[in-house]
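*Asks:* Below you'll find the structure I mean.
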Amino acid sequence: MKKENTENITTLLKENRLFHPPIAFKKAAHISGFSTLQKLKKTGQKNPELFWAQQAKNLKWIKPFKKTLVWNPPFAQWFLGGKINVSENCLDRHLTTFRKNKAAILWEGEPGDTRTLTYAELHREVCRFANVLKSLGISKGDRVSIYLPMIPELPIAMLACARIGATHSVIFGGFSSEALKERNVDAQAKLLITADGGYRKGQIVPLKINADSAVTGSPSIEKVVVVRRTGESVPMVSGRDFWWHDLMKSASPHCPPEPLDSEHPLFILYTSGSTGKPKGVLHTTAGYLTQAAWTTKHIFDLKEEDTYWCTADIGWVTGHTYIVYGPLANGVTTVMYEGAPLYPQPDRFWELVEKYKVNIFYTAPTAIRTFVKFGDEWPNKHDLSSLRLLGTVGEPINPQAWLWYHKVIGGSRCPIVDTWWQTETGAIMISPLPGATPLKPGSGTLSLPGIQAEVVDKTGKPVASGQGGYLVIQKPWPAMLRTIYGDSERFKKQYWSQIPGIYFTGDGARKDKDGYFWIMGRIDDVIKVSGHRLGTAEIESALVSHPKVAEAAVVGRPDEITGEGIVAFVTLQGGVQPEPALSEILREHVSKTIGSVARPAEIRFTDTLPKTRSGKIMRRLLRELATSHQVKGDVTTLEDFSVLTKLQTSYEEEEG
Ligand code: 7RM
């Protein structure tokens, strides 16, 4: 074991397996072969502005842009002087081609009901709803809150906003009325679009009831549009609330796209901050669409006949960029599923892959680890041979889960694109190109052409290869956030002050000798043991590489001797019992795999881990638990509260 004891993060894990693009895949790929990619990267490195200007020209412009980039750090403006409309690019552009009658969205509800919308139909619905928005007094620059389940009305509402230049703020349907209120108020939204309810795990989520209590505290909201989804009877406030279907009845299907400046605000998306107050990440029009469209086409290697499925919720940035804007800008057929992955049984995803003959499948490591736990028999019931490409996003994927995904889901024939990016980056930044990049399980491989990512120390100097440090982006990129809505000071402080002029991602990472990036976890989660700063990802990955472990989360708790001691929360594979001897086996396993410095002081077995609603492990809560045996911090983004109660109880029981 090699270790470095520095200011930086000590790296322990070595993963050496290499997977080359399958020959047939490579032959047919948009970016074919590693040398082609290297040439593109070189061009992008020399002149990122030129690279992105070329990609921007593939969009439909109402008026061409004059200036590619104006950079007043940390404020960027891309493609100035141009006029463009996102909804025209996602819809109208396809209507003069055979795509007019091609499926844009294949939708399946949790109860099994289905809808198909062709590009022409989607265009019609979007135009009609754009006219509805206008009739409700919404115009260019107004903010519209959208609190909907995963139903077609959600992308329709987003595209209708984009069409008239209203700025949408999608609030995940799993959020509480309190969270909705806070976001309505921060954005000063004029209109709220919601539904009577939505389906989740066989239950009805009472969206309208939540919306009503949120609107009580949101003085800026003047009107509410309600989609009928479940048919439950819900209270409607006369003069304020309107049924979507009533308004649509008389709406004209003609609505010319508004010519918008490149920097016109397209959407705000709230992401939780460390201080509790959510940050309204602001994205604008042309730069966002340029990178969304380019990355979707090349990273997912989209072909005209593909059926593409990203399983995220549109309430997260992944859904914005890789269900709605990226795929539709490319004219591909995208699958949209309303419900829970394990409902009614753990094979719902595989049933859908088989039914729709999905070719490209993009999901989160947390989902993959859950599927591993349920066992191979669920995917094995289905014909998954339509799949040709897999993707992951949201967290580091441990090699064990990667290898399972590759073999059991991908039949060992599909490349896996491990895509690193953030709400703030707007689109993918680090990822393999599937017909070009040799893959290493667990690595996002290389930054994309036109993207300057680096691993640096706290002075901004690149660290030696193999050393851990801070992941930063050194040059502006088209889809970057422009500010935090209404709070430019926080924008500067949060992302641009650690190393002046350089974007600070908040992630720890290292680059290996081939320049491949390995994400080590959030900097805030780093554990300091006897002077070694250890990232969470490697220790968790070592734990999960044990055949009995399904998932793991490690945190530090104060230790008089070592500074911090490692506490590992571990969930076991289906059918495995949490016997005491296993604790020692797992501690030893970590020690052998990555080194004794990473040996957990304590292993705690649990049925589930506390996760955010988008599936990320909330280590902050576990840290609190491990330290004080209770949780007092903010838990609004927690998916399932009972997980915490159980963990707290387990401590109480020990303490008597
Ligand atoms: C797209 C999204 C961003 C944070 C980011 C990382 C983590 C995302 C990966 C990853 C390792 C990946 N937006 N993250 N993708 N870590 N490998 N491929 O997730 O704003 O919700 O989260 O997620 O820590 O900073 S996000």
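The values are calculated or read from the model by the stated rules, or taken from the named source; none is laboratory data. Keep in mind it's a predicted model, so treat the numbers as computed, not measured. Because the Cβ atoms are built from the backbone with ideal geometry, glycine has one as well, and the counts that use them run over all protein chains shown. Just the protein is used for accessible areas: all its heavy atoms, side chains included, with ligands, DNA and RNA removed. Shrake-Rupley method; radii C 1.70, N 1.55, O 1.52, S 1.80 Å.
*Asks:* Only helical DSSP H runs with n ≥ 4 go in: add -39500 (n - 2.57) per run for the chain, normalise by residue count and round the 222 nm mean residue ellipticity to 500 deg cm²/dmol.
*Replies:* -8500 deg cm²/dmol
*Asks:* Follow-up question, since we're still on this one. Quick check for me: using +1 on Lys/Arg Cβ and -1 on Asp/Glu Cβ, what's the dipole size of the chain about its Cα centre, in debye to the nearest 20?
*Replies:* For this selection, approximately 2420 debye.
*Asks:* Starting from the Cα gyration tensor of region 415-572, take the square roots of the eigenvalues, sort them a ≥ b ≥ c, and report rounded, prolate or oblate (rounded when a/c is under 1.5, otherwise prolate if a/b is larger than b/c, else oblate).
*Replies:* Oblate shape, in that a/c is at least 1.5 and b/c is the bigger or equal ratio.
*Asks:* State to the nearest 20 debye the size of the charge dipole of region 608-656 about its Cα centre, where the only charges are +1 on K and R beta carbons and -1 on D and E beta carbons.
*Replies:* Roughly 400 debye for region 608-656.
*Asks:* Dipole magnitude of region 534-656 about its Cα centre, charges +1 at Lys/Arg Cβ and -1 at Asp/Glu Cβ only, in debye to the nearest 20?
*Replies:* Dipole about the Cα centre, nearest 20: 420 debye.
*Asks:* P(r) for region 291-429, please, calculated from all Cα pair distances in 10 Å bins and given in %.
*Replies:* Spelled out per bin, shortest first, that is 12, 47, 35, 5.
*Asks:* Would you be so kind as to identify which of ILE409, GLY426, PRO396 lies farthest towards the positive end of the dipole of the chain, taking Lys and Arg as +1 and Asp and Glu as -1 on Cβ and the Cα centre as origin?
*Replies:* GLY426
*Asks:* Could you tell me what percent of the accessible area of region 140-277 is made up of carbon and sulfur, with a 1.4 Å probe and every protein chain present?
*Replies:* 51
*Asks:* Please calculate how many Å² of accessible area the chain carries per residue, with a 1.4 Å probe and no DNA, RNA or ligand atoms counted.
*Replies:* Accessible area per residue, the chain: 37 Å².
*Asks:* OK, next. Classify region 43-177 from the C-alpha gyration tensor, please: rounded if a/c falls under 1.5, else prolate or oblate depending on whether a/b exceeds b/c.
*Replies:* Judged from the Cα gyration tensor, region 43-177 comes out prolate (a/c at least 1.5, a/b above b/c).
*Asks:* Considering the dipole of region 62-128 built from charges on the beta carbon (Lys and Arg +1, Asp and Glu -1) around the Cα centre, which of LEU106, PHE75, PRO64 is farthest to its positive end?
*Replies:* Farthest towards the positive end: PRO64.
*Asks:* Also, quick follow-up: Only sites in a loop by DSSP and with at most 14 other Cβ atoms within 10 Å count here; which trypsin sites (Lys or Arg not before Pro) in region 464-546 make the cut?
*Replies:* Answer in residue order: LYS513.
*Asks:* Where a ≥ b ≥ c are the square roots of the eigenvalues of the C-alpha gyration tensor, would you call region 161-221 rounded, which needs a/c under 1.5, or, failing that, prolate if a/b is larger than b/c, or oblate?
*Replies:* Taking the square roots of the gyration eigenvalues as a ≥ b ≥ c, region 161-221 is oblate.
*Asks:* Determine the relative contact order of the chain: mean sequence separation of Cα pairs under 8 Å and six or more apart, normalised by residue count, in whole percent.
*Replies:* With pairs under 8 Å counted, the relative contact order is 15 percent.
*Asks:* In whole Å, what is the distance between the alpha-carbon centres of region 315-342 and region 627-656?
*Replies:* Each part reduced to its Cα centre gives a spacing of 34 Å.
*Asks:* Using 0.36 nm times the number of residues separating VAL576 and LYS357, minus their current alpha carbon distance, what extension gain do you get?
*Replies:* Roughly 75.4 nm would be gained on extension.
*Asks:* Might you list the cysteines of the chain that have no disulfide-compatible partner by the rule of another cysteine's Cβ under 4.7 Å?
*Replies:* By the Cβ distance rule, which asks for a partner under 4.7 Å, the isolated cysteines are CYS90, CYS161, CYS310, CYS414.
*Asks:* For the peptides 90-97, 460-467, what is the packing order when you average, over each peptide's residues, the other Cβ atoms within 10 Å and list the highest mean first?
*Replies:* So the order, starting with the most tightly packed, is 90-97, 460-467.
*Asks:* Which order do the peptides 216-226, 397-407 come out in when sorted by mean C-beta neighbours inside 10 angstrom, highest first?
*Replies:* 397-407, 216-226
*Asks:* Ok, one more. Compare the Cα positions of TYR270, MET248, ALA130 along the charge dipole of region 129-276 (+1 at Cβ of Lys, Arg; -1 at Cβ of Asp, Glu; about the Cα centre) and return the one farthest towards the positive end.
*Replies:* Most positive-ward Cα: MET248.
*Asks:* I'd like the accessible area for HIS629, computed on protein heavy atoms only with a 1.4 Å probe and all protein chains in place. Round to 10 Å², please.
*Replies:* Approximately 60 Å² of HIS629 is accessible to the 1.4 Å probe.
*Asks:* Quick one: check the C-alpha center-to-center distance for region 346-399 versus region 66-85, whole angstrom.
*Replies:* If we compute the Cα centre of each part, the gap is 39 Å.
*Asks:* Given the peptides 356-364, 537-545, 134-142, arrange them by the average over their residues of other C-beta atoms within 10 Å, most packed first.
*Replies:* Order by mean packing, descending: 537-545, 356-364, 134-142.
*Asks:* Additional query: What residues have an amide H closer than 5 Å to that of THR167, excluding those fewer than 5 places away on the same chain, when H is modeled at 1.01 Å from N in the peptide plane?
*Replies:* Under 5 Å from the amide H of THR167 lie the amide H atoms of GLY141, ASP142, ARG143, VAL144, each far enough along the sequence or on another chain.
*Asks:* Then there's this: Give me the percent of the accessible area of region 467-514 that comes from carbon and sulfur atoms, probe 1.4 Å, all protein chains in place.
*Replies:* Result for region 467-514: 50 percent of the exposed heavy-atom area is carbon or sulfur.
*Asks:* Which entries of LYS461/LYS528; LYS39/LYS511; LYS303/LYS492; LYS42/LYS611; LYS60/LYS440; LYS201/LYS249 show an alpha-carbon separation above 30 angstrom in the structure shown?
*Replies:* Over 30 Å apart, Cα to Cα: LYS303/LYS492; LYS42/LYS611; LYS60/LYS440; LYS201/LYS249.
*Asks:* Okay, moving on. For the chain, what's the radius of gyration and Dmax over Cα atoms, in angstrom?
*Replies:* Here Rg and the maximum Cα pair distance are 24.0, 73 Å.
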